[in-house]
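Q: Would you mind keeping the following structure in view while I ask a few things?
The values are calculated or read from the model by the stated rules, or taken from the named source; none is laboratory data. In this text, all values refer to a predicted model and were calculated from it rather than measured experimentally. So basically every Cβ, Gly included, is an ideal-geometry build from the backbone, and we count neighbours across all protein chains shown. Accessible surface is based on the protein model in full, side chains and every heavy atom, while ligands, DNA and RNA are left aside. Shrake-Rupley method; radii C 1.70, N 1.55, O 1.52, S 1.80 Å.
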Amino acid sequence: MTRDGDAITIVAEARSFLHHQVRNLVGTLRLVGEGRWPVERVAAVLRARDRSAAGPTAPAEGLCLMWVSYPLDPFAGT
């Protein structure tokens, strides 16, 4: 995560994502950034494996998908 003035950049990379997964992550990190949650609570949320333990889903406004990569032949060697 980086910050440039009011802009905060979060890079999330994975083989795949669940519906709203990145928005849920951003909503949780926002609570930490605002000082409403301690940093340690993020680890507790992940351990809980329960969506209700996390922060609110961030709105889509302001979030931007920047890049998607696929293997040349997605059916080869999987």
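Q: Quick one: helix 21-33 against the long Cα principal axis of the chain, what's the angle to the nearest 10°, folded into 0 to 90?
A: 30
Q: Could you do me a favour and compute the accessible area per residue for the chain, 1.4 Å probe, result in Å²?
A: Ligands and nucleic acids excluded, the result is 89 Å² per residue.
Q: What is the dipole size for the chain, taken about its Cα centre, with +1 at each Lys and Arg Cβ and -1 at each Asp and Glu Cβ, in debye to the nearest 20?
A: In debye, rounded to 20, the chain gives about 340.
Q: So how do 56-62, 29-35, 67-73 stack up, highest first, on mean other-Cβ count within 10 Å?
A: Highest mean packing first, the order is 29-35, 56-62, 67-73.
Q: On to the next question. Taking all protein chains in place and a 1.4 Å probe, what share, in percent, of the accessible surface of the range 1-66 do carbon and sulfur account for?
A: 55
Q: From the alpha carbon gyration tensor of the chain, can you work out the equivalent ellipsoid semi-axes (sqrt of 5 times each eigenvalue) and give them in Å, largest to smallest?
A: Semi-axes from the Cα gyration tensor: 27, 18, 11 Å.
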